[in-house]
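Trainee: Before I ask anything, here is the structure I am working with.
The values are calculated or read from the model by the stated rules, or taken from the named source; none is laboratory data. Keep in mind that what you see is a predicted model, and the values were worked out from it rather than measured. Cβ coordinates were reconstructed from backbone atoms using ideal geometry, including for glycine residues, and neighbour counts include every protein chain displayed. Only protein heavy atoms, including side chains, enter the accessible area calculation; ligands, DNA and RNA are left aside. Shrake-Rupley method; radii C 1.70, N 1.55, O 1.52, S 1.80 Å.
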Amino acid sequence: MAMESPFKADVLKGKVALLTGGGSGIGYEISYQLGLHGASVAIMGRRQNILESAVASLQSHGIPAIGLEGDVRKREDASRIVESTVKHFGKLDILVNAAAGNFLVAAEDLSPNGFRTVMDIDSVGTFTMCHEALKYLKKGGPGKDLSNGGTIINISATLHYTATWYQIHASAAKAAVDSITRSLALEWGTDYDIRVNGIAPGPIGDTAGLNKLAPEEMRSKDGEGMALFKLGEKWDVAMAALYLASDAGKYVNGTTLVVDGGEYLSQPRILSKEAVKQLSRVVERRSRAAPAGIPKSKL
Ligand code: COA
């Protein structure tokens, strides 16, 4: 059960947000939380039925919401949806790029088209949406005053910090997303007062990502040795989005906030803490008494 938000209910009062992939999973939860905190919300997705039920759900919580059908891989869809959002709500303050594609496949079994498909959705799609939204997000843009630009949040991952089995496509795509985040933060932060940041969620329960990338069949029963044992909640990611989208994050630009409970740092523990305590001094004495790697003639 998600906790109550620690943010004030009006931190995004009067703001307008557009979210790709906003109809389900992490994208929906961010839409919901931005809406609960005062934003009007446009959600973009490929499936009309999913959009309709998401919009109905948002509206049932009193959130002004519209659903716009489209694919981030098509520039004309991106352009039409940004325009429709502004036409409906009068302006655009927040763009969240949450649309993504992924599946498990060994690199040798992945076709170049499969690789390209994920790059197209995650990386090119993110750039396309940012590019189409720029004229509305910049300070002094339509519906904006001269002092404040809008903000962009790109949903990323931690896959590429090291290397992740069977996700060469998504790892490459999210590495590009992080790079886009930094480049736009630099160029658009300087020129247009637009803050551009990312969020890298770890394993989050009740998401397509978890179901596709760590299906039941692959999870150990007791979580032994698995960071996945401790799943995050969609709420955790949405709170990070609220922080970045609100004035709480007004000096944060060009960073990707990892929301994974430290999962990406985890390695299997080779010894218990007790064993380390017992062994460490013994090993130290042995090492001093007989240093390794020193030529015999010097001893
Ligand atoms: N293993 C290997 N290759 C796969 C694959 C799989 N599980 N799923 C798709 N592909 C390949 C296809 O074979 C095709 O390549 P080819 O033309 O060389 O055969 C290519 O990827 C495109 O597949 P297609 O089904 O035409 O793409 P799509 O546009 O209909 O769907 C996906 C896009 C594949 C990314 C789909 O999984 C999707 O829509 N995902 C969105 C939701 C999601 O994944 N969320 C998880 C976020 S973590």
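Trainee: State yes or no: is SER156 more than 16 Å from the ligand (Cβ to nearest atom) and of a type outside the set (D, E, K, R)? Steps first, answer last, please.
Mentor: Working: more than 16 Å from the ligand (Cβ to nearest atom): no; of a type outside the set (D, E, K, R): yes.
Taking the combined requirement at face value, the residue does not satisfy it.
Trainee: Would you pick out the residues in region 133-163 that are crowded, with 17+ Cβ neighbours inside 10 Å and free of Cβ contacts under 8 Å to residues at least 60 places away in the same chain? Quick ask: steps written out before the conclusion?
Mentor: Just the residues of region 133-163 that are crowded, with 17+ Cβ neighbours inside 10 Å, to begin with: 133-134, 136-138, 141, 144, 149-160.
Passing the criteria: TYR136, LEU137, LYS138, GLY141, LYS144, GLY149, GLY150, ILE152, ALA157, LEU159, HIS160.
Trainee: Continuing with this model, one more query. Take region 1-45 and flag every residue that is of a type in the set (D, E, K, R) and within 19 Å of the chain's Cα centre (by Cα). Working first, answer last.
Mentor: Step one: filter region 1-45 for residues of a type in the set (D, E, K, R), giving 4, 8, 10, 13, 15, 29.
Within region 1-45, GLU29 is the sole residue that qualifies.
Trainee: While we're on this one: Of the conditions (1) buried (at least 21 other Cβ atoms within 10 Å of the Cβ); (2) touching a residue at least 24 places away in the same chain (Cβ under 8 Å); (3) touching a Lys or Arg at 6+ places or on another chain (Cβ under 9 Å), ILE81 fails just one. Which one is it?
Mentor: Of everything listed in (1) buried (at least 21 other Cβ atoms within 10 Å of the Cβ); (2) touching a residue at least 24 places away in the same chain (Cβ under 8 Å); (3) touching a Lys or Arg at 6+ places or on another chain (Cβ under 9 Å), ILE81 misses just condition (3).
Trainee: Looking at region 21-36 only, could you name the residues that are in a helix (DSSP H, G or I) and among the small types (Gly, Ala, Ser)? Steps first, please.
Mentor: To start, the set of residues in region 21-36 that are in a helix (DSSP H, G or I) comprises 25-36.
The answer is GLY25, GLY27, SER31, GLY35.
Trainee: Search region 207-219 for residues that are of a type outside the set (Ser, Thr, Tyr) and pair each with any residue that is open to solvent by 90 Å² or more (accessible area, probe 1.4 Å) and within 11 Å of the ligand (Cβ to nearest atom) when their beta-carbon atoms are under 9 Å apart and the residues are at least 6 apart or on different chains.
Mentor: Partner pairs satisfying both residue conditions: LEU213/TYR166.
Trainee: Next question, about the same structure. Of a type outside the set (Phe, Trp, Tyr) and closer than 22 Å to THR126 by Cα: is that true of LEU95 in this structure? Walk me through how you get there before you give the answer.
Mentor: Values: of a type outside the set (Phe, Trp, Tyr): yes; closer than 22 Å to THR126 by Cα: yes.
It is true that LEU95 is of a type outside the set (Phe, Trp, Tyr) and closer than 22 Å to THR126 by Cα.
Trainee: Does GLY14 meet the test of being closer than 26 Å to LEU184 by Cβ and either touching an Asp or Glu at 6+ places or on another chain (Cβ under 8 Å) or not in a strand (DSSP E or B) (or both)? Working first, answer last.
Mentor: On the way: closer than 26 Å to LEU184 by Cβ: yes; either touching an Asp or Glu at 6+ places or on another chain (Cβ under 8 Å) or not in a strand (DSSP E or B) (or both): yes.
Here the answer is yes, as GLY14 does meet what is asked.
Trainee: Here is a follow-up. How many residues does region 1-25 hold that are open to solvent by less than 30 Å² (accessible area, probe 1.4 Å) and within 16 Å of the ligand (Cβ to nearest atom)?
Mentor: Adding up the residues that qualify gives 6.
Trainee: Same structure again: So which strands (runs of 3 or more DSSP E) stay within region 37-149 end to end and still have 2 or more residues that are within 16 Å of the ligand (Cβ to nearest atom) and under 22 Å from LEU242 (Cα atoms)? Outline the logic, then answer.
Mentor: On the way: elements: 40-45, 65-69, 94-97.
Because the criterion is at least 2 residues that are within 16 Å of the ligand (Cβ to nearest atom) and under 22 Å from LEU242 (Cα atoms), the strands (runs of 3 or more DSSP E) in region 37-149 that meet it are 40-45, 94-97.
Trainee: Find all pairs meeting these conditions: Cβ atoms under 6 angstrom apart; at least six residues apart or on different chains; first residue within region 246-275 and within 21 Å of ALA17 (Cα to Cα); second residue surrounded by fewer than 11 Cβ atoms within 10 Å (Cβ to Cβ).
Mentor: none
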